[in-house]
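S.K.: My questions will all concern the structure given below.
Computed from the coordinates by the stated procedures, all read-outs in this text should not be read as laboratory data. Every value quoted in this text rests on a predicted model; they were computed, and no experiment measured them. Counting neighbours? That spans all protein chains shown, and the Cβs are built from the backbone with ideal geometry, glycine included.
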Amino acid sequence: MKKDTKYWVGFNLVKGIGPVRLERLLAYFGSLHEAWWSQPYHLAAAGLNAKLCQQLAQIRKEVCLDELVEDLMAAGIKILTWDDPAYPERLRQIDQSPFVFYLKGNLIEEDIWSVAVVGTRRFSAYGRQVTEQLTRTLAEQGITIISGLARGIDGIAHKQALDAGGRTLAVLGSGLDQIYPPEHRGLAERISRQGGLISDYPPGTPPDGSNFPPRNRIISALSKAVLVIEAGQKSGALITANYAADQGKDVFAVPGKITAPLSRGTNKLIKLGAHPLLEVQDVLDFLNMKLVARQQVIRKTLPGDPKEAALYNAVGDEPLHVDELSNLTKLPIEEVTATLAVMELKGMVRKTFGMKYIAVRERKAAYY
């Protein structure tokens, strides 16, 4: 853990300091260490109002950051910040991504193949059946299931993923030491051992109702697609779907009877352009699972080498011909084409047309 991690946690304790204000502090002071110990007039110059300055002064007086970080580590909670290479690239790409979040469990590279499964808290027998069948099959196929640990569809999705021997991630609307609902504490413990619990709220944050809609943006951000099982017209699951659409993610919705209140939200999503989710194969086809399995095997059996590194650095976001890549890397054309073929199988590059390649930048960072 970096020396200044505690200051990221410290500013996270100040309610009202979010990504925008933190960016201003970093730009003004150059480091959060300097910002943390600065005088109020300097903080005001960096954009903090009197109320925030007062809150910060109070927290500095009451909280020992070293002890807080030690307590988090003792509880098995990891801290990831913007400047951490393990910060998920998908989360980094959204507007106003959380500048710090907390993780109990672990995140692995294979979690890049993940879908969010969300729905109503008050589900029907139909909703339960669809969730159980869909989630179990996806988990058995190696897909990570992401949800919000809430009662209803969320809890069913997490449990089915675990029972299938798969991975699941739960994004909380409270601190990781404030599991909600309380009857899901045992489930949360299982998730921390077979996936991870995630929150951008600092420890001690209670599960207030206002916390849950914002956390849904993290659920959708970490996922390749969002699956809405059952949702009424005012369901929180529709908020997750809206975030997904804003983030450019695909949304799938399970159709239901037009007279069923719990299907009004999902039917409306389909009307607005969501993919009708008629069977699990719809999702597997979208994820291209044959390619997923192939890439996972090859990544394990063929580790990277200097040629791959050189080519990956040379390939850009615009298509480049193999001849250009050969000139840039000083590698013989036959080595360039052979190495690019392996890199394409690994999911590092994508062939476009006329022997041209572009980089798949999502793989560049440490995803999790």
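S.K.: Rounded to the nearest 20 debye, what is the charge dipole size of segment 166-223 about its Cα centre when +1 sits on each Lys and Arg Cβ and -1 on each Asp and Glu Cβ? Before the final figure, lay out each step's value.
M.R.: Values: 6 positive and 5 negative charges, 50 e Å.
My answer is approximately 240 debye.
S.K.: Sticking with this structure for a sec: Restricting attention to segment 2-62, which chymotrypsin sites (Phe, Trp or Tyr not before Pro) occupy a DSSP loop and are surrounded by at most 12 other Cβ atoms within 10 Å? Please report the intermediate quantities before stating the final value.
M.R.: Numbers: sites: 7, 8, 11, 28, 29, 36, 37, 41; in loops: 37.
Of the chymotrypsin sites (Phe, Trp or Tyr not before Pro), the ones in loops of segment 2-62 whose Cβ has at most 12 other Cβ atoms within 10 Å are 37.
S.K.: Another question about this same structure. With a 10 Å radius around each residue's Cβ, average the other Cβ atoms per peptide and rank 249-258, 231-240, highest first.
M.R.: Values: 249-258: 19.6, 231-240: 22.2.
For the peptides 249-258, 231-240, the packing ranking is 231-240, 249-258.
S.K.: Please work out whether the chain counts as rounded, prolate or oblate from its C-alpha gyration tensor, where a ≥ b ≥ c are the square roots of the eigenvalues and a/c under 1.5 means rounded, while otherwise a/b larger than b/c means prolate and anything else oblate?
M.R.: Details: a/c = 1.87, a/b = 1.09, b/c = 1.72.
Note, shape of the chain comes out oblate.
S.K.: Compute, for the chain, the length of the dipole vector about the Cα centre, with Cβ point charges of +1 (Lys, Arg) and -1 (Asp, Glu) only. Units Debye, rounded to 20. Mind showing how you got there, number by number?
M.R.: Values: 45 positive and 40 negative charges, 187 e Å.
Around 900 debye, computed over the chain.
S.K.: Given 0.36 nm per residue, what is the gain on full extension from residue 271 to residue 66 after removing their alpha carbon distance, in nm?
M.R.: On the way: separation 205, 0.36 × 205 = 73.80 nm, distance 5.21 nm.
Gain in length upon complete extension: 68.6 nm.
S.K.: I want to check the label-to-label distance for residue 313 and residue 233. Put each point 7 Å from Cα in the C-beta direction and report it in nm to one decimal.
M.R.: About 5.9 nm separates the two model spin labels.
S.K.: Which order do peptides 276-286, 165-175 fall in by mean Cβ count within 10 Å, highest first?
M.R.: Values: 276-286: 15.1, 165-175: 23.9.
My ranking of the peptides, most packed first, is 165-175, 276-286.
S.K.: Still on this structure, I have one more. Hey, any idea what the orientation-averaged projected area of the convex hull of segment 109-287's Cα atoms comes to, in nm²?
M.R.: Mean orientational projected area (segment 109-287, Cα hull): 9.2 nm².
S.K.: Helix-only estimate, please: 222 nm mean residue ellipticity of the chain, summing -39500 (n - 2.57) across DSSP H runs of length 4 or more and dividing by its residues, to the nearest 500.
M.R.: Using -39500 (n - 2.57) per qualifying helix, the result is -13500 deg cm²/dmol.
S.K.: Please give me, ordered by residue number, the trypsin sites (Lys or Arg not before Pro) of segment 1-98 that lie in loop per DSSP and have at most 10 other Cβ atoms within 10 Å. Before the final figure, lay out the partial values.
M.R.: Numbers: sites: 2, 3, 6, 15, 21, 24, 51, 60, 61, 78, 90, 92; in loops: 2, 3, 15.
Listed in order of number, the matching sites are 3.
S.K.: Same structure again: Which value in nm describes the separation of the simple spin-label points at residue 108 and residue 327, placed 7 Å from the Cα toward the beta carbon?
M.R.: About 4.4 nm separates the two model spin labels.
S.K.: Report, in whole Å, the centroid distance computed from the Cα atoms of segment 3-43 and segment 222-250.
M.R.: Cα centroid of segment 3-43 versus Cα centroid of segment 222-250: 32 Å apart.
S.K.: Suppose the chain between residue 73 and residue 341 were pulled fully straight at 0.36 nm per residue; how much longer would it get relative to their current alpha carbon spacing? Walk me through the intermediate numbers first.
M.R.: Details: separation 268, 0.36 × 268 = 96.48 nm, distance 4.25 nm.
Roughly 92.2 nm would be gained on extension.
S.K.: Assigning unit charges at the beta carbon (Lys, Arg +1; Asp, Glu -1) and nothing else, what dipole magnitude in debye, to the nearest 20, does segment 1-74 show about its Cα centre? Each step should come with its number before you reach the end.
M.R.: Working: 9 positive and 8 negative charges, 63 e Å.
That gives segment 1-74 a dipole magnitude of about 300 debye.
S.K.: Could I ask something else about it? Quick one: length gained pulling residue 122 to residue 31 fully straight, 0.36 nm per residue minus the C-alpha distance?
M.R.: Details: separation 91, 0.36 × 91 = 32.76 nm, distance 4.65 nm.
Working it through step by step, the gained length comes to 28.1 nm.
S.K.: Take every DSSP beta bridge whose two residues both sit in the chain, then give the antiparallel share in percent to the nearest 5.
M.R.: Details: 14 of 34 bridges.
For the chain, the DSSP antiparallel bridge percentage is about 40.
S.K.: For the chain, build the charge dipole from Cβ charges (+1 Lys, Arg; -1 Asp, Glu) around the Cα centre, then report which of 160, 253, 312 sits farthest towards its positive end.
M.R.: It is 253.
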